[in-house]
Amino acid sequence: MATPKLQSGNRLVLATHNPGKVVEMRMLMDPYGVEAVSAGDLGIPAADETGTTFEENACIKARATANASGLPALSDDSGFCLAALGGSPGVYSARWAKNGEFSFAMDRVLQEMEGKTDHTAWFVCVLAIAWPNGPEFTFRGEVWGDMVSPPRGTRGFGYDPIFQPSGHSMTFAEMSPAAKDAMSHRAYAFRAFANNCLRG
């Protein structure tokens with residue numbers, strides 16, 4: 001099935017209530033002239049993430065938001081993964097936070113990683129787009145590196161302060177937004193989405 005295309009002037013709903021993700025996605029969408037509004041802006045509640053994979057959760061959120069808004073909806077399901085923890089926290093990354101505070105999640109990661117020598121880490125992002133009563137498609141991006149301790153940097157959000165991408169000396173939370181956007185898991189997923197779904 002051919003992927004429908006969004007054009008300059010079209011409106012798209014971002015199926016997230018995470019302000020950090022909204023800012024990043026709007027920055028990525030701006031060059032294409034697509035107006036991005038968040039589900040929170042429209043008063044659409046967050047969908048229950050009952051899937052066991054990033055793809056399943058992304059599709060659940062995109063489908064629920066598209067049907068509720070009557071507009072194409074783009075969702076993001078992402079997570080921080082550690083080889084020494086068997087890929088955890090993974091799809092449960094947000095649930096490791098307490099009341100949305102990722103300092104608790106990072107503390108838990110550092111506690112569970114205590115004594116482990118393999119610090120290999122990666123971020124995964126799956127973007128899903130759904131059209132009302134129409135098709136849905138997913139696009140995956142990953143970036144690999146290492147977990148660092150203690151956390152460093154005040155930029156970014158989520159687990160950014162404890163992730164240092166391969167070949168770099170700064171964590172995501174120490175980088176400028178432009179530098180992070182050039183290499184992040186979300187940026188890689190977005191490029192695949194843009195190549196298939198956006199008209200420049």
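Observations on the structure shown:
- Residue in the stretch 19-32 that is modelled with pLDDT under 95, closer than 26 Å to Ser149 by Cα and either of a type in the set (A, V, I, L, M) or in contact with a strand residue (DSSP E or B) (Cβ under 8 Å, 6 or more places away or on another chain) (or both) present: yes
- Entry remark, the stretch 27-43: residues being part of a loop (DSSP other than H, G, I, E, B) and closer than 12 Å to Leu74 by Cβ number 2 in total.
- With respect to the conditions (1) more than 22 Å from Ile44 (Cα to Cα); (2) in contact with a Leu (Cβ under 6 Å, 6 or more places away or on another chain); (3) of a type in the set (A, V, I, L, M, F, W, C), Leu82 falls short on a single one, namely (2).
- Filtering Arg140, Arg108, Arg152 for residues that are among the basic types (Lys, Arg) and within 27 Å of Asn196 (Cβ to Cβ) leaves a single hit, Arg140.
- Residue tally, condition at pLDDT below 95 and either in contact with a Pro (Cβ under 9 Å, 6 or more places away or on another chain) or acidic (Asp, Glu) (or both), over the stretch 80-104: 5
- Just one of the listed residues (Ser78, Ser88) is touching a Cys at 6+ places or on another chain (Cβ under 8 Å), more than 19 Å from Ala189 (Cα to Cα) and buried (at least 16 other Cβ atoms within 10 Å of the Cβ), namely Ser88.
- Scan of the stretch 56-79 for residues that are of a type in the set (D, E, K, R) and either touching a Pro at 6+ places or on another chain (Cβ under 7 Å) or under 14 Å from Ala36 (Cα atoms) (or both), ordered by number: Asp76
- Tally, over the stretch 172-191, of residues that are farther than 20 Å from Phe137 by Cβ, in contact with a Phe, Trp or Tyr (Cβ under 6 Å, 6 or more places away or on another chain) and of a type outside the set (A, V, I, L, M, F, W, C): 1
- Scanning the stretch 138-183 for residues that are under 22 Å from Asp76 (Cα atoms), surrounded by fewer than 20 Cβ atoms within 10 Å (Cβ to Cβ) and either in contact with a Cys (Cβ under 8 Å, 6 or more places away or on another chain) or aliphatic (A, V, I, L, M) (or both) yields Arg140, Glu142, Ala178, Ala179, Ala182, Met183.
- Filter result (small (Gly, Ala, Ser) and either surrounded by fewer than 15 Cβ atoms within 10 Å (Cβ to Cβ) or in a helix (DSSP H, G or I) (or both)) within the stretch 91-118: Ala94, Gly100, Ser103, Ala105, Gly115
- When the test is whether a residue is of a type in the set (A, V, I, L, M, F, W, C) and either touching a strand residue (DSSP E or B) at 6+ places or on another chain (Cβ under 7 Å) or in a strand (DSSP E or B) (or both), Ala62 passes it.
- Cβ-Cβ distances below 9 Å connect no pair with a first residue in the stretch 8-30 that is on the phi > 0 side of the Ramachandran plot and among the hydrophobic types (A, V, I, L, M, F, W, C), a second residue that is surrounded by 15 or more Cβ atoms within 10 Å (Cβ to Cβ) and assigned to a loop (DSSP other than H, G, I, E, B), and a separation of six or more residues or different chains.
- Qualifying residues in the stretch 119-137 (those that are among the aromatic types (Phe, Trp, Tyr) and within 18 Å of Leu82 (Cα to Cα)) - the one surrounded by the fewest Cβ atoms within 10 Å (Cβ to Cβ): Trp122
The values are calculated or read from the model by the stated rules, or taken from the named source; none is laboratory data. These numbers come from a predicted model, not from an experiment. Positions of Cβ are backbone-derived with ideal geometry, glycine not excepted, and every protein chain shown enters the neighbour counts.
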